[in-house]
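Here the structure comes first, spelled out in structure tokens, and everything after it is commentary.
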Amino acid sequence: MFMYIAQACILVLCIISCNNNDAKKTEAQAPVSNDSLVKRGGYLVASIGCDDCHSPKKMGPQGPEVDMENRFSGYPAGRPFGKVDSNIIKSGMVVFSGDLTAAAGPWGVSFAANISSDETGLGNWTFEHFKKAMREGKWKGMDGNRPLLPPMPWQNFKNLNDEDLNAIFLYLKSTKPVNNVVPAPKQLSEL
């Protein structure tokens, strides 16, 4: 009987010891470095397709390619927006510019924002601004501003956790700054 009690005590001590070591290992883990977050942000930005709308394209041998000199700069400020047949939009269609940086639909014309690190992009933003834009769909991440317009899929991104949003934000803040003031949206009547 004494032997069984001793074995049970040893087993309990082993379990406690293992659990304490696991706790110490968890406490000893270093916080995620900024470099790691920036790398994760780059991965997330590539995975969710930010370049698709926020980067102008140029024609390459395989079709449209991201214009790396203007990456994340949004719709080019000096480019005129072509004519749109409003009857097509009234029939339920949405029309995109050739490089996908502008879209016309029932809401009017929206232009992809500059999300580069320049002050005309996200350069002056805080993480709180970015989080509000991504979670609440507020233009420039500020209360009292207009909502983000289609096709910006902020409703899909609002469920990203804070760490992923921060990683995306840190990555975008690390990108090459591109000075580009994107035009304001237009009403359908202005087409």
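Yes or no: the range 127-134 includes at least one residue that is within 24 Å of Lys176 (Cα to Cα) and in contact with a Pro (Cβ under 9 Å, 6 or more places away or on another chain). No: zero hits.
Does Leu188 satisfy being surrounded by 15 or more Cβ atoms within 10 Å (Cβ to Cβ) and modelled with pLDDT under 95?
Working: surrounded by 15 or more Cβ atoms within 10 Å (Cβ to Cβ): yes; modelled with pLDDT under 95: yes.
So Leu188 passes the test.
Name the residue that is nearest to Ser189 (Cα to Cα), counting only residues in the range 32-44 that are among the hydrophobic types (A, V, I, L, M, F, W, C) and assigned to a helix (DSSP H, G or I). Write out each step before concluding.
Just the residues of the range 32-44 that are among the hydrophobic types (A, V, I, L, M, F, W, C), to begin with: 32, 37-38, 44.
In the following step, the residues that additionally are assigned to a helix (DSSP H, G or I) were identified as 37-38, 44.
Numbers: Leu37: 44, Val38: 42, Leu44: 37 Å.
The residue in question is Leu44.
Looking at the range 107-142 only, could you name the residues that are polar (S, T, N, Q) and either closer than 26 Å to Arg79 by Cβ or in contact (Cβ under 8 Å) with a residue 40 or more places away in the chain (or both)?
First, pick out the residues of the range 107-142 that are polar (S, T, N, Q): 110, 114, 116-117, 120, 124, 126.
If the condition is that a residue be polar (S, T, N, Q) and either closer than 26 Å to Arg79 by Cβ or in contact (Cβ under 8 Å) with a residue 40 or more places away in the chain (or both), then Ser110, Asn114, Ser116, Ser117, Thr120, Asn124 are the ones that fit.
Taking the condition of a type in the set (A, V, I, L, M, F, W, C), over 18 Å from Leu165 (Cβ atoms) and touching a helix residue (DSSP H, G or I) at 6+ places or on another chain (Cβ under 6 Å), does Ala112 pass? Give the derivation first.
On the way: of a type in the set (A, V, I, L, M, F, W, C): yes; over 18 Å from Leu165 (Cβ atoms): yes; touching a helix residue (DSSP H, G or I) at 6+ places or on another chain (Cβ under 6 Å): yes.
Yes; evaluated as a whole, the condition is true for this residue.
In the range 170-191, the residue that is farthest from Gly92 (Cα to Cα) out of those that are among the hydroxyl-bearing types (Ser, Thr, Tyr) and outside any helix (DSSP H, G or I) is Ser174.
Candidates are the residues of the range 147-158 that are in a loop (DSSP other than H, G, I, E, B) and in contact (Cβ under 8 Å) with a residue 24 or more places away in the chain; the one that is farthest from Pro76 (Cα to Cα) is Lys158. Does any residue of the range 55-74 turn out to be touching a Phe, Trp or Tyr at 6+ places or on another chain (Cβ under 6 Å) and of a type outside the set (Phe, Trp, Tyr)? Checking the range 55-74: at least one residue is touching a Phe, Trp or Tyr at 6+ places or on another chain (Cβ under 6 Å) and of a type outside the set (Phe, Trp, Tyr).
Say whether the condition of being out of contact with any helix residue (DSSP H, G or I) (no Cβ under 8 Å at 6 or more places or on another chain) and under 24 Å from Leu37 (Cβ atoms) is met by at least one residue in the range 177-188. The answer is yes, given that some residue of the range 177-188 is out of contact with any helix residue (DSSP H, G or I) (no Cβ under 8 Å at 6 or more places or on another chain) and under 24 Å from Leu37 (Cβ atoms).
The values are calculated or read from the model by the stated rules, or taken from the named source; none is laboratory data. Quick caveat: nothing in here was measured; it's all calculated off a predicted structure. Quick reminder, even Gly has a Cβ in these numbers, built from the backbone with ideal geometry, and neighbours come from all protein chains shown.
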